[in-house]
Each structure stands twice: as structure tokens, then as C-alpha cells.
1. Return P(r) of the chain (all Cα-Cα pairs; 10 Å bins starting at 0; whole %; ordered from short to long distances).
2. Taking 8 Å as the Cα distance limit and 6 or more residues as the minimum spacing, I'd like the relative contact order of the chain as a percentage.
3. Any chance you could give the angle, 0 to 90 degrees and rounded to 10, that helix 151-168 forms with the longest Cα principal axis of the chain?
4. Ranked from highest to lowest mean number of other Cβ atoms within 10 Å per residue, what is the order of the peptides 124-132, 109-117?
5. Taking +1 at the Cβ of each Lys and Arg and -1 at the Cβ of each Asp and Glu, which of 100, 74, 169 sits farthest along the dipole of the chain towards its positive end, judged by Cα position relative to the Cα centre?
6. Which of the peptides 81-94, 33-46 is most tightly packed, and how do the rest follow, judged by the mean count of other Cβ atoms within 10 Å per residue?
7. Mind checking the dipole of the chain: about its Cα centre, +1 per Lys or Arg Cβ, -1 per Asp or Glu Cβ, Debye to the nearest 20?
8. For the stretch 36-130, would you read off the P(r) tail past 21 Å as a percentage of all alpha carbon pairs?
Amino acid sequence: MTLVRLGDLDMTLPLAAAAFCWMAAARAWRTAMLWGLLFGGGVMLVGASKIAFMAWGSGLPALGFKAVSGHATGVTAVFPTVFYLMLQGGGPALRRSAVVAGVGLGLLVGVLLVVYGFHTAAEAMAGCLLGAAISLAWIRLAGASAVAPSLARLGWFALAFLAGAWLMSFAHVGWWMIRVATFLSGNDRPFPLGGADSLC
């Protein structure tokens, strides 16, 4: 359950923001913007799939698919990226190992989401695939322009993470998604989403 909680929005969004600040602190603007666009696009896609289900009951019932798993997406997108940044000063083999470890952690969380009954296999798989596409695309496009660690960058990373975690305690993202879904559909109540992501 502790590993599953790594996919909570109050963990993955602050980590994603901290990675952005790491790059911005080094004035690697193109790399930072690329990360922001890829991760932000993934978050919007996950949110749209959840709102669509809560509003209109969309999905693939034959596969038990309601919406993309936000937990699986978040872990598989953020942790390979952060591990890659942390070990950017090492050799290619070390960086590859970091990426493999991050993706592996995301896959493990995806499996646990299914084992604990938070998501179906289709929902967890969709999340893992989306998250891996985000992180691997960023790593491929950023390449050597990714910024190696330094004391200042680690400091900005820590500050951004702590600030983001504090702000997320007030966000109530799940409540806002329900409000948007009921507003768009005109229904009094949303279709029940369930799963770990309904707790966000």
C-alpha cells in the first residue's frame, strides 16, 4: 500500500514541479518546457478520461475500463524522469539503469493497483503505457541537454517539492473533477469511478 501511495497526486505533482524547477534553475528552458508540456498533457488526458466517465459513463465495459489510472500514469511518468535527472552526472549505463528502475517501479505499482482491487488490468496498463510514453519521450528528446545535479539545483528541487506538497493539501482535485463532470452532464450525481484515483 505504501508503494501504491507513490502515485497519489500529492506526491507525483510536486515531484513533477520539482523536476521542472530543477531544469529552470539551470536555465534549461527548452528541456523544462518540454517536460511541462508532456507531463501536463498526460495529466489532462487522465483527467479527461475520468471526467468523461463520471459525466456520461463512458469507457469499455467489456474490458472493465472506466478511465486511465492516474496512479500508474504518475509513477511511470515522474520516477523515471527524476531518477534520470538525479543520475545525469553518471555514465550512460547508470542513466539507463535509473530509467529501467523508474519504469519498473511504475509497473510494480500498476500490478499492485490490480492486486488490491483499485483498478482493472486494462486501466492500470493504460496508465503505465501513458506514463512510460511521457517519461521516455522526454528522456529521448532531452538527451544530453538534461541537467546534471548540483547543490543549488537540489535545493530548488527540495523547495519546489515541499511547496507543491503543501499546496496540494488544499487542492481537492477529486472534488473539482466531480463538480466539472456533473456540470457538463447535467446529472445530479456522477457515475461512480471508484479505485485509488477517486481518493485524489
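1. Reading the bins upward from 0: 10, 35, 34, 16, 4, 0.
2. The normalised contact order for the chain reaches 35 percent.
3. It is inclined by approximately 10 degrees.
4. 124-132, 109-117
5. The one lying farthest along the dipole's positive direction is 100.
6. Top of the packing list down: 33-46, 81-94.
7. Charge dipole of the chain: 440 debye, to the nearest 20.
8. Tail fraction, whole percent: 37.
No value in this document is a laboratory result; all are computed from the given coordinates. Nothing here was measured: the structure is a model prediction, and the numbers come from that model. Virtual Cβ from ideal backbone geometry, glycine too; neighbours counted across all protein chains shown.
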